[in-house]
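Only one structure is covered here, and it is reproduced in the block below.
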Amino acid sequence: MNYDYLVVGAGLFGATFAYEAAKRGKRVKVIEKRDHIAGNIYTKEVDGIQVHQYGAHIFHTSNKEVWDY
């Protein structure tokens, strides 16, 4: 199978890029070494609370367009 893009890593950027490219009709293949998407911002539920699997992360931007996305 042929793809327009090969995305290595399904972290925040990789997952977002793949989603946006696919919305525009591109064929995208995403490969990820972990068993989940979201990279270092991944959370899992523990006793009803979402816990950061890899520790807390800060999203460094004040760009309203980025936050609204």
Helix-only mean residue ellipticity at 222 nm for the chain, each DSSP H run of n ≥ 4 adding -39500 (n - 2.57), per residue, nearest 500: -7000 deg cm²/dmol
Protection-proxy order for peptides 18-26, 49-57, each taking the mean of Cβ atoms within 10 Å per residue, highest first: 18-26, 49-57
Virtual paramagnetic centre 7 Å along Cα→Cβ of HIS57, amide N under 19 Å, in the stretch 1-39: 7-21, 30-39
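Bear in mind these aren't lab numbers, they're just calculated from the coordinates by the rules spelled out. Bear in mind that the values here come from a model prediction, so they are computed numbers and not experimental data. Cβ: placed from backbone, ideal geometry, glycine included. Neighbour counts: every protein chain shown.
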